[in-house]
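A short write-up of the structure that comes next.
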Amino acid sequence: MKSQMMLWKKLADESASWCCTSATMDFKTVQVRCEHEGFSFLTITLPKFGKDLQKGLDRGWVDRDLFTGFQWRAGLPVFLRGFLDRVFDRSSGVLLDAPCIDAILAVRQLTLLYDKISLPCSDTRVRKAMRGYIDCENDVREVDSSMSSADLADFKRVSSLLFASIFSKVDSDIYYGKVVPKHGPGSTADKLRGNAKYRNRAWTQRLEKLFPAGEFLLPNWRFLDQYADVDIVEPGSEMPVQVISVPKTLKTPRIIAMEPTSVQYVQQGIYEILLKYLESDDKLNRLIGFDDQTPNQRMALEGSCNGTLATLDLSDASDRVSNQLVRLMLVDHPHLHGAVDACRSRKADVPGQGVVRLAKFASMGSALTFPMEAMVFTTLIFLGIERELNTPLSKKSIKAFLDKVRVYGDDIIVPVEYVQSIVSVLETFGSRVNTGKSFWTGKFRESCGRDYYDGSDVSVVRAREVFPTQRTHATGIISMVSLRNQLYQAGYWRTCSWLDDEIRAVIRYFPVVLPTSPVLGRHSFLGYQPERFDEHLHSPQVRGYVVSSRSPSDPLDGPGALLKFLIKRGGLPSVDIRHLERAGRPHAVNIKLRWASAV
C-alpha cells in the first residue's frame, strides 16, 4: 500500500500547485486513516467523499449529511480544505458563483483514484451481494403483480410506436430461417470454452421447436448420424444460469450470470439481426446506442453547459427488467417472441441461495440483455414524456426528441423538464434510479465514463491494479503503464516523472513510443524516440516489452471444424491461421523483451 499512498501524495502535490494551495496536511490525514482503516480508506471511504462532492455540486450547497466521517470546520470538511474553499463558501457551504474547475477536478481525482481497483471483495460482501440478487428478484415479482392493466396497455402502445417496424423485420428473418448462430467469447455455465463450444451436443426442447439441433449443432443434414448424440432436455431439466461475482469495487462486487452454451449460441444470432435493424433505422439509432458512447458524452457535455439535459443512472438496471415487460413488448411478433423466449434461461443457480426461478428477463451475461433493457428503458422514457405532456405521442412528435433522449445501457439522457415524470414511470415499472449518480439541477453531468462541470471535462484517471513488484506480474505492469500514460494525457507530468522511475524499477526498458505502438512505453506530446530503423520494413524501432499471450491448446476437426467455418462472419479467412489448434481466452498474459515498432 506504500506505493499507492505515494502516488496519492504526488497527485495531491501536483494538484495543489495548480490551485495555489497545499496538500501537506491532507496527506497526513491519509497516512493516519490508512494506518487505522487499511486500504479500505482509499478504496471505499475516499470514493464516498468524491461522490458527496458531486451531490453538493448538483444541489448547489453542502451540509452535514455529506462528507460523513470527516472533521468539519465551519461549513466544510477540514480534509482537502485548500481545494474545497475554492469551490464552496466555507462559512455557509454554498457553491461559489464561479467555482474553480481545477479544484473540482483535484478533489475528484484524489478521492476517486482507487474507486474501481480490481481486488476481490470480502466473502461477507459477496454473500451480501448474492442476497441482494435474490431481493432484487423478489422486487421484480412484487412490481409485476402490482402493475395496473392501464400501465401495461400504455407500455405496449408506446413500445409498438417505437419498435413495431423493427420487430416486424426481425420476426420475418426468424420465420425465414435467417438466424445464423454464433458463439460468444465468454465463459458458459457448462464450462465449455474456445473450440469446445463447436462440439457442444446439448440442446433444449424449447430451442428445438424453432431452431432444430440438426441445423444449428451440425454442419448440415449429411451428418445426421451424429444427431443421435444430441441430448435434448425438457424444460424442467434445463441447466440454469450460473450466477457469479466479478470484481467491481471493494465495496461491492459485480453480479453477472453465465448462460449455458446452447442458449448463448442462439442469443448471439438473434442479437446480430436485432442490432442490424436498430442501427440502420434513422430514428432509433439516434435514440439508442450499442457500440458508440460518444453521443451520450456529447449530450452530457451539453447538459452541463446549458442545463437542458439530465443524466440518469439506474441501479441493478439489468436485474430489474421484468420478463413480463419484454414479453409484452414482443407479443405482436410471434416468431421473434417465441425465439427470444426459447433462448431465455428460466432459472438461476445463486451461490448460497440455491436454484431460483427468474422473473427478470435476464442478468448481465445474456447476449440479449443489453438490447432488451435499452428498448424497455426507451419505452418508459417516452411514456414518462407522454404523461408529462398529457397527450398521446405520435411518430411525428417523437422526432422532436431526437438528440434530446439517448439510452446506452443504463446510461440515460433526457430533457430536464421531463425528469420527474420519467423517474416516476421508471420506478413504477420496477427500475430504481440511482440518485447519487443522476444529475439534473446543477451543472454537473456524467454519462458513459465522462464527467463534466459547466462545460469543462472533469473526468478522472483511475488505478485498476495494485502496483507490481516484479516483472512476472505482467497484468500489473500493463495496468501501471496505462495509468502512467492516462495521467500524462491528463496533464499530471510531475507525477508521471515519478511513475516513470517506479516502472523502470520493475522493467528496465521503458522507451518513448506512440500510442499505436505495441511496446509498453511512455507516450509523449513531443513524439517518439526511435533507437534504430528496420532495414526490411523501414520502420522506426525501439527495444521494449511487448504483451504476449497464447490461446490454450484446443484442437478442432471433423464436423465441429466445418461448423465453425460455415457460421463464420465475413468472406475473409480467420485472422489466426491456427484457430483450429488453439482457441479461447489465454490463461495468462506475459510480456517479452524485443525490438518492435515505435509507431
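The values are calculated or read from the model by the stated rules, or taken from the named source; none is laboratory data. Since we're looking at a predicted model, the values are computed, not measured. All Cβ positions, glycine included, derive from the backbone under ideal geometry; neighbour counts span all protein chains shown.
Determine which member of the set Asp58, Asp65, Asp97, Asp52 is of a type in the set (D, E, K, R) and touching a Leu at 6+ places or on another chain (Cβ under 6 Å).
Asp52
Checking Gln226 against (1) in a loop (DSSP other than H, G, I, E, B); (2) of a type outside the set (Asp, Glu); (3) over 17 Å from Gln264 (Cα atoms): exactly one of these is not met. Which one?
Here Gln226 clears every test but (1).
Filter region 355-389 for residues that are more than 23 Å from Val405 (Cβ to Cβ), among the charged types (D, E, K, R) and touching a residue at least 12 places away in the same chain (Cβ under 8 Å) and give the result.
Lys360
With respect to Gly570, is the statement that it is in contact with a helix residue (DSSP H, G or I) (Cβ under 7 Å, 6 or more places away or on another chain) and farther than 25 Å from Ser479 by Cβ true?
No; evaluated as a whole, the condition is false for this residue.
Please find, among Leu556, Leu499, the residue that is outside the structural domain of Lys9 (by TED's automatic domain parsing), in contact with a helix residue (DSSP H, G or I) (Cβ under 8 Å, 6 or more places away or on another chain), more than 23 Å from Ala474 (Cβ to Cβ) and crowded, with 16+ Cβ neighbours inside 10 Å.
Testing whether each residue is outside the structural domain of Lys9 (by TED's automatic domain parsing), in contact with a helix residue (DSSP H, G or I) (Cβ under 8 Å, 6 or more places away or on another chain), more than 23 Å from Ala474 (Cβ to Cβ) and crowded, with 16+ Cβ neighbours inside 10 Å leaves just Leu556.
Could you check, for region 350-365, whether at least one of its residues is surrounded by fewer than 19 Cβ atoms within 10 Å (Cβ to Cβ), small (Gly, Ala, Ser) and within 29 Å of Arg125 (Cα to Cα)?
Yes: one or more hits.
In the same structural domain as Lys283 (by TED's automatic domain parsing), closer than 17 Å to Glu386 by Cβ and of a type outside the set (Val, Ile, Thr): is that true of Arg157 in this structure?
So Arg157 fits the description; yes.
What's the number of the only condition in (1) in contact (Cβ under 8 Å) with a residue 24 or more places away in the chain; (2) at negative phi that Gly455 fails to meet?
(2)
Do we have any residue at all in region 387-410 that's part of a loop (DSSP other than H, G, I, E, B), at positive phi and surrounded by 18 or more Cβ atoms within 10 Å (Cβ to Cβ)?
The answer is yes, given that some residue of region 387-410 is part of a loop (DSSP other than H, G, I, E, B), at positive phi and surrounded by 18 or more Cβ atoms within 10 Å (Cβ to Cβ).
With region 259-362 as the region, which helices (runs of 4 or more DSSP H) entirely inside it contain at least 1 residues that are closer than 30 Å to Met147 by Cα, polar (S, T, N, Q) and modelled with pLDDT of 95 or more?
261-280, 323-330
Quick check: anything in region 69-88 at pLDDT 95 or above, of a type outside the set (A, V, I, L, M) and under 27 Å from the mean Cα position of the chain (by Cα)?
no
Being within 23 Å of Thr472 (Cβ to Cβ), modelled with pLDDT of 85 or more and in a loop (DSSP other than H, G, I, E, B) is the filter here; which residues of region 586-599 pass it?
Pro586, Ala588
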